[in-house]
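Read through the structure below, which is laid out as structure tokens, and then see the notes.
The values are calculated or read from the model by the stated rules, or taken from the named source; none is laboratory data. Remember, predicted model here, so these are calculated numbers, not experimental data. Neighbour counts run over all protein chains shown; Cβ positions are idealised from the backbone, glycine included.
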Amino acid sequence: MEKTYQPSSIETKHYEHWEQSNYFQPSGNGAPYSIMIPPPNVTGTLHMGHAFQQTIMDALTRYHRMMGRDTLWQPGTDHAGIATQMVVERLLAADGKTRHDLGRETFIDRVWQWKAQSGGTISSQMRRLGDSVDWTRERFTMDEGLSEAVREVFVRLFDEGLLYRGKRLVNWDPKFHTAISDIEVENKEEQGSLWHFRYPLADGVTTVDGKSYLVVATTRPETMLGDSAVAVHPDDERYTALVGKYVELPLVGRRIPIIADDYVEMDFGTGCVKITPAHDFNDYEVGKRNGAQLINIFDKSAAVLPVAEAFEYSGKALEDFDGTLPDGYAGLDRFDARKKIVAEFDALGLLDSIKDHTLMVPRGDRSHDVIEPWLTDQWYVAATKMAQPAIDAVKNGDIEFVPKMYENEYYNWMNNIQDWCISRQLWWGHQIPAWYDKDGGVYVGRSEEEVRTKYTLDPSLELRRDEDVLDTWFSSALWTFSTLGWPHDMDMVRRFHPTDVLVTGFDIIFFWVARMIMMTLHFIKDENGKGIIPFKKIYMTGLIRDENGQKMSKSKGNVIDPIDLIDGIDLETLVGKRTSGMMQPQLAAKIEKNTRKSFPDGFAESGTDALRFTLTSLASLSRDINFDVKRLEGYRNFCNKLWNAARLVQMNTFAQVEGSDELGAPLDCGQHGGEMEFSLADRWIRSRFQKLEAEVHKHYQQYRFDLMSQTLYSFIWDEYCSWYLELSKPVFWNENSTDAQLRGTRKTVVGVLEALLRLIHPIMPFISEEIWQSLKPVSGETGDSIMLEPFPMPNNASIDSAAEADLEWVKGVIMGVRNIRGELNIAPSKAISVLLANGDAEDKRRYQENEAFLKQLAKLDNIQWLEAADQAPASSQALVGHLKVLVPMAGLIDVAAEKARIAKEVEKTQKELARIEGKLTNEKFISKAPDDVVAKEKEKAEALNSKLIDLNAQVAQLDAL
RNA sequence: AGGACUAUAGCUCAGUUGGUUAGAGCGCUGCCUUGACAUGGCAGAGGUCUCCAGUUCAAAUCUGGAUAGUCCUACCA
């Protein structure tokens, strides 16, 4: 082992060895355990959220592998339809081209090229993270096998009536010219206006108060070109007389009816609402109920059509509709049309008022363009019909969310689920397996050939394939079984279903998790035809945010590439990375400034293990996780600590080579038997270790990686290093230690470390492997890799309560002396003498058995046991139970400082005593609290009382000097 | 508008079924280059557990309310 811990020099070599040795593949032995990776976007890069989730998945995978399970962690990527197409279109745009210039086939070739070029990033990042995925089974959602699964599911759902095509209002992205599903729309509050327009009443009718017009309010004036009614509330007495009458739509000149519908809120605005069924989801429903015409005025870019089109609610076009629109609007963008309409209303004296208004604006999650409700033909999955089994699976406990609170969110959404719009007007994706004849007949099948056979079509009939592709989530919804070979190869599906746990973020619970549950239950059945769940547990991780709680995003410039934390990165490179390739280059200056301020030195190299340990230590059950680089630094130091502890172990278990750092021959550590004598410290650390093992197992069961990390950290640092290794030194350094004593302590020092390494391996795979390998000559281990070794199991036989109590006593005495040293400024280098007084037989035994430990760790040159009759000199005193640890003051101690120290102690003790006596004088506490609680409090009070008396005596003694 | 979640040390967070001297990391103060480690050691300071009320012998923990923040769903045109 190198003298200093250098992660870069150990990580890659172990990973390569593991992968080449096929250690990541299922062993074929033991009960199956499987995890499906949430597939990242193939052309993207991993961010902190991925690193976080993958660390957890890898820890779970390695843990269960070491527990003897037949373990599969399935890797893969998805094709991310819109996101990927968008990137490639941007590349083309740089050359002044659009995808239409290339044509569909050439464009798709270009996307595949881009995938080939960028697709390796993800897998190399995963290798750097140490992910023990079975690379031989890596899958991509556009692979032939997975594409076949997509076609299969589409066709079967269609044949079962669970998938259909229809003309409906969809969320239309006018920038990408595609429909998106409701959950891909982000609603954000924005500042806008509320325009009040006057719509003249037709046929000379007037309102109750004698006006010749109605006032309607709108946030979207441009849609008035498509108005087909004005609605009022049926109970609104101001307007009841007008229901059934008409208004004359300004600019357009169309007569549109006044209808009554209780959708209208009487109290809002004027109580009159313009109804535009083809451009608003609510208006669509109102229009449908009341037979208002469905009038579309926009093209696919949300620019005004030359002539409006009208439809029946069945989707059939109305042939005889007069769609004439006012002059000057054809081809006008929606926002320009808005300005023009407002101006014309104003000019006509029909603009009643304009008010500032805050409204929710729907924007596409990829394009950030304002989404337009638009009438188009789309394909839908009848999710409303598939939801129930998926709800039941969670209700009856087959699938369990961790943390539990997400189940409510799941039910809430599932109970109000909408049919899922799955078609996308893109080129990159799975093309829909549907064909049309020229009369609009629809034929669905796995191929054109199959369609012709299935529907017995005349060979001469011309068929045209649907040009649209499917939502990426449609293919990811099949992920748990399509990756395993469905529909042809069912062996793996049967073996690894249901998978054990899904580790993912709560932000995709609807996009992915819910849909996977529905699809898997529907398509994967057991021998009795009952649906099989995709996974037993869903571990929902929090969202990784930056150190200020901000969501990490490219446009904020606060994303962190996990590899940069592993390898380190200098400030200039980091700034360059964050400000290049931006969608909004104007933000670059601000990002640069923030980056320089937050990380003036860039990131230091921390190594994968430190990063992974940091991530697991953050994995509490909370919903937001703020990632602070400071935390990483702390755990990098922890790796260093472990490394150096291992070096100390080696120095005491291998022969020293004169004038060299190289290790000599392994010493006798009991590998081959021989008599062994274990010191108190040996027995203590073994006992403590059993409890640690039990804790670690428990935390795996409960997915509390944060608590597990903390437990391991404090054991290694505070118990193994700070106490145990220090306590091993007196044995190693004492020339009088017997062979049996040396063997016993060497055995323990090595044995506990070796087991610790296995215990921590799932979180810190590299450093644990490196040290474990170097210990082989003294640990007696012969396996090829730590990752194949059994995970440590607690053994109650090694629990030694007496040793634990004795060692607590030893620690107490040492800490007492150290406290006096610290408070009274006695140099650590100065050896001092102490007296032990007021002790009982147990204290005496402990003192006699552990004198060497006390002398070593408290830096004492002499310890003297005082019997009751002996007179103690003026001393500074610490208490360990009844036992007084006395440091004589002569020549050492400043009386004033000592008095101050005691005063502080007295105050603390009095405060505590008052609190407890308050309880004990309370009748009700005595009578109602359980006896053991009362007894405990009484004991405490007694101890505090005698301590107080003692402290006062000391003060008196000092005063007498 | 409805719902969920959060509020604990200067910062980031733990605190399991009510009984702890309320913990950790980072930061801070003092001392120390002792033969694993200064990426270190030892000692220490720092908290009316957001506020109010209630239940209880006992509340950071349970209940109700308030305030602040985050998120989700829906939406008044």
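Some points to look at:
- A:V252 outside any loop (DSSP other than H, G, I, E, B) and either among the aromatic types (F, W, Y) or closer than 20 Å to A:V205 by Cα (or both): no
- Among the candidates A:E605, A:E527, A:E547, residue that is in contact with a strand residue (DSSP E or B) (Cβ under 8 Å, 6 or more places away or on another chain), part of a loop (DSSP other than H, G, I, E, B) and either buried (at least 17 other Cβ atoms within 10 Å of the Cβ) or of a type outside the set (G, A, S) (or both): A:E547
- Being more than 9 Å from RNA strand B (Cβ to nearest atom), among the hydroxyl-bearing types (S, T, Y) and within 30 Å of A:V778 (Cβ to Cβ) holds for only one residue in A:T573, A:T608, and it is A:T608.
- Pairs are defined by a Cβ separation below 8 Å, a sequence spacing of at least 6 or placement on different chains, a first member in region A:531-544 that is over 23 Å from A:S482 (Cα atoms) and touching a residue at least 60 places away in the same chain (Cβ under 8 Å), and a second member that is among the small types (G, A, S) and within 12 Å of RNA strand B (Cβ to nearest atom); the pairs so defined are A:T541/A:G505; A:T541/A:A619; A:G542/A:G505; A:G542/A:A619; A:G542/A:S620; A:G542/A:S622; A:L543/A:G505.
- Residue match in region A:635-647 (condition: in contact with a strand residue (DSSP E or B) (Cβ under 6 Å, 6 or more places away or on another chain), loosely packed, with under 15 Cβ neighbours inside 10 Å and without any contact (Cβ under 8 Å) to a residue 24 or more places away in the chain): no
- Taking first residues from region A:454-475 that are part of a loop (DSSP other than H, G, I, E, B) and partners that are exposed (fewer than 11 other Cβ atoms within 10 Å of the Cβ), the Cβ contacts under 8 Å between residues at least 6 apart in sequence or on separate chains come to A:E462/A:K438.
- Filter result (out of contact with any Phe, Trp or Tyr (no Cβ under 9 Å at 6 or more places or on another chain), crowded, with 19+ Cβ neighbours inside 10 Å and within 30 Å of A:E89 (Cα to Cα)) within region A:367-422: A:Q378
- Test: residue in region A:274-293 that is in contact (Cβ under 8 Å) with a residue 24 or more places away in the chain, within 13 Å of A:V216 (Cα to Cα), touching a His at 6+ places or on another chain (Cβ under 8 Å) and assigned to a loop (DSSP other than H, G, I, E, B): no
- Applying the condition of being touching a helix residue (DSSP H, G or I) at 6+ places or on another chain (Cβ under 8 Å) and closer than 30 Å to A:L214 by Cα to region A:177-197 and asking which residue is nearest to RNA strand B (Cβ to nearest atom) yields A:W195.
- At least 3 residues being away from RNA strand B (no atom under 12 Å from the Cβ) and not hydroxyl-bearing (S, T, Y) is the threshold, and among the helices (runs of 4 or more DSSP H) wholly inside region A:694-771 those reaching it are A:739-760.
- Total residues in region A:611-634, condition more than 7 Å from RNA strand B (Cβ to nearest atom), in a helix (DSSP H, G or I) and closer than 19 Å to A:M708 by Cα: 8
- Answer from A:Y284, A:Y313 - the residue that is crowded, with 20+ Cβ neighbours inside 10 Å and either more than 24 Å from A:A343 (Cβ to Cβ) or of a type in the set (D, E) (or both): A:Y284
- On the stretch given as region A:156-176, residues that are modelled with pLDDT under 90 and away from RNA strand B (no atom under 16 Å from the Cβ) total 4.
- When region A:777-797 is filtered for residues that are buried (at least 16 other Cβ atoms within 10 Å of the Cβ), in contact (Cβ under 8 Å) with a residue 40 or more places away in the chain and either touching a Gly at 6+ places or on another chain (Cβ under 6 Å) or not in a loop (DSSP other than H, G, I, E, B) (or both), the ones remaining, listed by number, are A:P777, A:V778, A:S779, A:M787, A:E789.
- The number of residues in region A:921-961 being over 27 Å from A:Q877 (Cβ atoms), within 11 Å of RNA strand B (Cβ to nearest atom) and surrounded by fewer than 16 Cβ atoms within 10 Å (Cβ to Cβ) comes to 13.
- For A:T207, the criteria (1) buried (at least 22 other Cβ atoms within 10 Å of the Cβ); (2) more than 50 Å from the chain's Cα centre (by Cα); (3) among the polar types (S, T, N, Q) hold in every case but one, which is (1).
- Meets criteria (surrounded by fewer than 16 Cβ atoms within 10 Å (Cβ to Cβ), more than 13 Å from RNA strand B (Cβ to nearest atom) and not hydrophobic (A, V, I, L, M, F, W, C)) for A:E867: yes
- Of all residues assigned to region A:302-310, at least one qualifies as being surrounded by 18 or more Cβ atoms within 10 Å (Cβ to Cβ) and part of a loop (DSSP other than H, G, I, E, B).
- Residue match in region A:240-251 (condition: at pLDDT 90 or above, closer than 26 Å to A:G331 by Cβ and aromatic (F, W, Y)): no
- Within region A:821-830, the residues that satisfy the criterion of being of a type outside the set (K, R) and either more than 9 Å from RNA strand B (Cβ to nearest atom) or part of a loop (DSSP other than H, G, I, E, B) (or both) are A:L824, A:N825, A:I826, A:A827, A:P828, A:S829.
- Taking first residues from region A:214-229 that are over 10 Å from A:V273 (Cα atoms) and more than 10 Å from RNA strand B (Cβ to nearest atom) and partners that are among the charged types (D, E, K, R) and not in a strand (DSSP E or B), the Cβ contacts under 7 Å between residues at least 6 apart in sequence or on separate chains come to A:E222/A:R334; A:E222/A:R338.
- Scope region A:914-931; condition acidic (D, E) and in contact with a helix residue (DSSP H, G or I) (Cβ under 8 Å, 6 or more places away or on another chain); matching residues: A:E917
- Selection from region A:23-54 of residues that are at pLDDT 95 or above and either hydroxyl-bearing (S, T, Y) or over 30 Å from A:Q85 (Cβ atoms) (or both): A:Y23, A:F24, A:Q25, A:P26, A:A31, A:P32, A:Y33, A:S34
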